[in-house]
Amino acid sequence: FRGSVLSLLRRQSQIARGTLSFRCIDCSAGEDEGGALFVCVCCAKVFCGKHGKEHAGKPNGHAISIDVNRLEIFCHACGDYIYDEGFDRTVAGAKTLARRGRRKQQQQ
């Protein structure tokens, strides 16, 4: 998960700067519309909440995703966030590494 979380953190900073935006692969809904977007942990496709639930209901069973904004695990099958201590530690560590990287860039 660590590499994926670092990648999402980098993308979050790009989103904040307006240089990158995520869009649902099915309907093109984006964060600018105010809804949550999710990245499937199995296939890395981006979905809005509605299409994430549909994706989870398909025979492939890709029910688990990461909320792009909250950086939390979400289960579309039960409709709730999943607490995982190891994932949360990874997110915290990735945030620390991202902050260090930004400080180094600012010092250069």
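Here residue 27 meets the list (1) without any contact (Cβ under 8 Å) to a residue 24 or more places away in the chain; (2) more than 15 Å from the chain's Cα centre (by Cα) almost entirely, failing just condition (1). Taking the numbered list (1) over 23 Å from residue 23 (Cα atoms); (2) among the aliphatic types (A, V, I, L, M); (3) without any contact (Cβ under 8 Å) to a residue 24 or more places away in the chain in turn, residue 94 passes all entries but (3). Elements of the type strands (runs of 3 or more DSSP E) sitting completely within region 39-106 and holding at least 3 residues that are modelled with pLDDT under 85 and under 25 Å from residue 24 (Cβ atoms): there are none. Keeping to region 48-89, report how many residues are open to solvent by 70 Å² or more (accessible area, probe 1.4 Å) and touching a helix residue (DSSP H, G or I) at 6+ places or on another chain (Cβ under 8 Å). Selection size over region 48-89: 2.
The values are calculated or read from the model by the stated rules, or taken from the named source; none is laboratory data. Worth saying up front: this structure is predicted, and the values here are computed from it rather than measured. Note: ideal-geometry Cβ built from the backbone for every residue, glycine included; neighbour counts use all protein chains shown. Remember, those area values only see protein heavy atoms, side chains included, never the ligands or the DNA or RNA. Shrake-Rupley method; radii C 1.70, N 1.55, O 1.52, S 1.80 Å.
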